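The values are calculated or read from the model by the stated rules, or taken from the named source; none is laboratory data. What you see is a predicted model, and the numbers here were worked out from it, not measured in a lab. Cβ placement follows ideal geometry from the backbone for every residue including glycine, while neighbour counts extend to all protein chains displayed.
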Amino acid sequence: MKELGKRGWATIVLVVACAACTLIVDRSTVQCTSDTDCEPFGSHPFCSNGVCVPSGLGPLACFFGTPEEPQDFLNQCGSAECQAFDDCQRLGLCDGGVTADVALIAPPAMASAPADAAAPMDVAAPATDTVVLPSCADATERPHVLYMTGSSYFPALMAKLAPLIFIATGYTPVYKVSNSCTGVKSVLGPQPGDHVMSDPPPGSTSPSAMYFTAAGASAPCSLGGNGAVVDVGESDIFSTTCAGFGAPDNGIFEYLGPVQSMVFVVPGSSNQMTISAAAAREVFGMGGDHDAAAPWTEPSLYFVRNANAGTQQIIAHAIGVPASAFWGVDQGSPTNIDLRMRVIEDPVKANQAIGIMASDTFDTDRSNLRALGFKASGQDCAYLPDSTASRTDKANVRDGHYPIWGPLHFFTNVSGGDPVSPAAQAFIQTVVVPKPPQQLVDAFITSHLVPDCAMEVKRTTELGPLSAYSPPFQCTCYFEKSAGGSAPGCTTCTTPSDCNDPRRPSCNFGFCEVR
């Protein structure tokens, strides 16, 4: 049978076989011997026991077969919820374009939100003149330290990784929140000072570094007068996305971690459900210049980041607006975006408000925010990262329906084939492994990320072309059960001998998988 790249045919066969007597398209004695025989009936039926049975896949004009071209992935047949956004009706764009030929409007100097009580909750408090912080390195309690810096999303994941790193290697992780491009610069930067992370100056609102205990707890700490050399730089984006940087070379390695998706969000009281690439371009690239972008026509209610933030860079690639040219107010952190959007009570302002954040932040506050379904250029439907608004299965990320995602990136300086520091080697050998232990996969899943072993597509550049992907070790069933609450079409197992289907001979985390 044809591969669909989404759940496989097993679930469909299981569901419809029991009801074939009521779903038969044509009651001839023998209608088919293969799926190809059923194509004349339309609506993508498949052959089951000599009968053409409706597959239940949609939408009606979806791509049926093995995806190869970019639009094949975006428009492939599936069971995920397909939402409408009419560029013709909403924007007056009736030729299928994304207004790429219409000049963007330069925003005024990007405003920054005031530093108020809505400080990031996942970032250590900044050092002050009156607080003496303990040293990040301690000969007795923390004799071996791993120094990292990068995006503001990473501390939540680090809290779950710290116990694994400590148990496996004895290293205590120390992390300083900066941003994705600083994470890149901390390893790829040309100047020696680029590789050092330091304490914030007295009175600064910048966060201090924090160390993580073997139990996953964190506490602010001091890096000392000379700072600390970064072992691993973390980023949500490829190094080539950051201004002035190319691909790693000369002994610098880039390792890919779990996948993170980015979303457009609105207050929970907003009546907006979807957005298209063309509409988002008019909003964030033109400031809602005319009523066609309604209701998002008030730039002071655009909750954004800045050009160094991975979220803004990835979304910029998706909508054709330079990350440095976004309209809106830089909120300083994803937590601030959440806190400031959730308190909007005026219904008019709620409909005008729109923000951007990573799915992991959104997933922790779904009761107050709503993610918008996104329709890419050349796509027929708008899709959420998940199969429905009530699930967290990241189904549309994993199979290519939802394109706004990328892997986490870890940069290390390598000399002669060996990492400069044992700490960098300890991190990579614990976190970036071809056959991950279940505890590591659990850390990714509970952080609302997708481990590589659950992905069905991959890309090698920022929002670049997708290709079908079969990971060397698979955990699709375990991921769907853990993240979505069910694993349709999956077979449980205790040992490989329980996996009788030769197409799924491996027993991984309690489920039969391909490998």
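So which of N226, N179 ends up being crowded, with 22+ Cβ neighbours inside 10 Å and either without any contact (Cβ under 8 Å) to a residue 60 or more places away in the chain or among the polar types (S, T, N, Q) (or both)? Walk me through it before giving the result.
On the way: N226 fails: crowded, with 22+ Cβ neighbours inside 10 Å.
Sole residue among the options that is crowded, with 22+ Cβ neighbours inside 10 Å and either without any contact (Cβ under 8 Å) to a residue 60 or more places away in the chain or among the polar types (S, T, N, Q) (or both): N179.
Considering each of G193, G225 in turn, give the residue that is over 27 Å from S239 (Cβ atoms) and modelled with pLDDT under 95. Step through it out loud before you land on a result.
Values: G193 fails: over 27 Å from S239 (Cβ atoms).
Being over 27 Å from S239 (Cβ atoms) and modelled with pLDDT under 95 holds for just one of G193, G225, which is G225.
Determine which member of the set D291, D199, D231 is over 20 Å from G373 (Cβ atoms), of a type in the set (D, E) and free of Cβ contacts under 8 Å to residues at least 60 places away in the same chain. Before you say what the answer is, go through the steps one by one.
On the way: D199 fails: free of Cβ contacts under 8 Å to residues at least 60 places away in the same chain; D231 fails: free of Cβ contacts under 8 Å to residues at least 60 places away in the same chain.
Being over 20 Å from G373 (Cβ atoms), of a type in the set (D, E) and free of Cβ contacts under 8 Å to residues at least 60 places away in the same chain holds for just one of D291, D199, D231, which is D291.
In region 280-330, what residues are of a type in the set (A, V, I, L, M, F, W, C), in a loop (DSSP other than H, G, I, E, B) and under 19 Å from the mean Cα position of the chain (by Cα)?
First, pick out the residues of region 280-330 that are of a type in the set (A, V, I, L, M, F, W, C): 280, 283-284, 286, 292-294, 296, 301, 303-304, 307, 309, 314-316, 318-319, 321, 323, 325-327, 329.
From the residues that got through so far, the ones that are in a loop (DSSP other than H, G, I, E, B) too are 294, 296, 307, 309, 321, 326-327.
Hits for region 280-330 are A307, A309.
Anything in region 228-251 that is outside any loop (DSSP other than H, G, I, E, B) and under 22 Å from the mean Cα position of the chain (by Cα)? List them, or say none. Spell out how you get there, then give the answer.
Going residue by residue through region 228-251, those that are outside any loop (DSSP other than H, G, I, E, B) are 228-229, 232-235, 239-241.
Within region 228-251, V232, G233, E234, S235, S239, T240, T241 qualify.
Just wondering, is there one or more residues in region 187-195 that are under 18 Å from G310 (Cα atoms), buried (at least 23 other Cβ atoms within 10 Å of the Cβ) and of a type outside the set (A, V, I, L, M, F, W, C)?
First, pick out the residues of region 187-195 that are under 18 Å from G310 (Cα atoms): 187-189.
Those left that are additionally buried (at least 23 other Cβ atoms within 10 Å of the Cβ): 187-188.
Filter once more, so that each one left must be of a type outside the set (A, V, I, L, M, F, W, C): none.
Within region 187-195 (the criterion being under 18 Å from G310 (Cα atoms), buried (at least 23 other Cβ atoms within 10 Å of the Cβ) and of a type outside the set (A, V, I, L, M, F, W, C)), the answer is no, since none of the residues qualifies.
Please specify each residue of region 131-145 satisfying the condition of being of a type outside the set (S, T, N, Q) and either in the same structural domain as Q425 (by TED's automatic domain parsing) or surrounded by fewer than 24 Cβ atoms within 10 Å (Cβ to Cβ) (or both). Before the answer, list the steps.
So the first thing to find is which residues in region 131-145 are of a type outside the set (S, T, N, Q), and the list is 131-134, 136-139, 141-145.
Scanning region 131-145 gives V131, V132, L133, P134, A137, D138, A139, E141, R142, P143, H144, V145.
Among the candidates T495, T491, T461, single out the residue that is under 17 Å from the mean Cα position of the chain (by Cα) and hydroxyl-bearing (S, T, Y).
T461
Could you list, in sequence order, the residues of region 184-222 that are part of a strand (DSSP E or B) and touching a Leu at 6+ places or on another chain (Cβ under 7 Å)? Let's see the steps before the verdict.
The first filter runs over region 184-222 and keeps only residues part of a strand (DSSP E or B), leaving 196-197, 209-212, 218-222.
Result: M197, A209, P220, C221, S222.
Residue check, D365 against (1) in a strand (DSSP E or B); (2) closer than 29 Å to K176 by Cβ, all met but one. Which one?
(1)
Going through N413, N396, N368 one at a time, which residue ends up being modelled with pLDDT of 95 or more, touching a Pro at 6+ places or on another chain (Cβ under 8 Å) and not assigned by TED's automatic domain parsing to the domain that holds M286? Explain how you work it out, then say what you get.
On the way: N413 fails: modelled with pLDDT of 95 or more; N368 fails: not assigned by TED's automatic domain parsing to the domain that holds M286.
Just a single option satisfies the conditions, and that option is N396.
What residue, of S218, S222, S178, S152, is hydroxyl-bearing (S, T, Y), more than 25 Å from the chain's Cα centre (by Cα) and over 22 Å from Q425 (Cβ atoms)? Working first, answer last.
Numbers: S218 fails: more than 25 Å from the chain's Cα centre (by Cα); S178 fails: more than 25 Å from the chain's Cα centre (by Cα); S152 fails: more than 25 Å from the chain's Cα centre (by Cα).
Residue meeting the stated conditions: S222.
Among the residues of region 58-75, is there at least one that is at pLDDT below 80 and crowded, with 18+ Cβ neighbours inside 10 Å?
Going residue by residue through region 58-75, those that are at pLDDT below 80 are 58, 60.
Now narrow it down to the ones that are crowded, with 18+ Cβ neighbours inside 10 Å: none.
There is no residue in region 58-75 that is at pLDDT below 80 and crowded, with 18+ Cβ neighbours inside 10 Å.
Quick one: which of S333, S390 is modelled with pLDDT under 95 and crowded, with 23+ Cβ neighbours inside 10 Å? Break it down stepwise before answering.
On the way: S390 fails: crowded, with 23+ Cβ neighbours inside 10 Å.
Matching residue, one of S333, S390: S333.
State which residue is modelled with the lowest pLDDT when the search covers only region 279-306 and only residues that are surrounded by fewer than 19 Cβ atoms within 10 Å (Cβ to Cβ) and among the hydrophobic types (A, V, I, L, M, F, W, C).
A292
Quick one: what pairs do we get from region 483-501, first residue closer than 19 Å to C453 by Cα, second assigned to a strand (DSSP E or B) and polar (S, T, N, Q), C-beta under 7 Å, 6+ apart or different chains?
Final answer for the pair search is P496/S506; C499/S506.
Can you tell me which residue among K481, K458 is in contact with a helix residue (DSSP H, G or I) (Cβ under 9 Å, 6 or more places away or on another chain) and of a type in the set (K, R)? Working first, answer last.
Working: K481 fails: in contact with a helix residue (DSSP H, G or I) (Cβ under 9 Å, 6 or more places away or on another chain).
None of the others qualify; the one that does is K458.
Give me a count of the residues in region 341-357 that are touching a residue at least 60 places away in the same chain (Cβ under 8 Å) and either closer than 23 Å to A156 by Cα or part of a helix (DSSP H, G or I) (or both). Reasoning before the result, please.
Quick first cut of region 341-357, residues touching a residue at least 60 places away in the same chain (Cβ under 8 Å) only: 341-342, 344-345, 347, 350-351, 353-357.
When the remaining residues are screened for being either closer than 23 Å to A156 by Cα or part of a helix (DSSP H, G or I) (or both), the result is 341-342, 347, 350-351, 355-357.
Residues meeting the conditions: 8.
Consider only pairs whose beta carbons are under 7 Å apart and that are at least six residues apart or on different chains; among these, list those whose first residue lies in region 320-340 and is at positive phi and whose second residue is of a type in the set (K, R) and crowded, with 20+ Cβ neighbours inside 10 Å.
G320/R281
V265 is checked against (1) surrounded by fewer than 24 Cβ atoms within 10 Å (Cβ to Cβ); (2) under 28 Å from G233 (Cβ atoms); (3) modelled with pLDDT of 95 or more and fails just one. What number does that condition carry?
Among (1) surrounded by fewer than 24 Cβ atoms within 10 Å (Cβ to Cβ); (2) under 28 Å from G233 (Cβ atoms); (3) modelled with pLDDT of 95 or more, V265 violates only (1).
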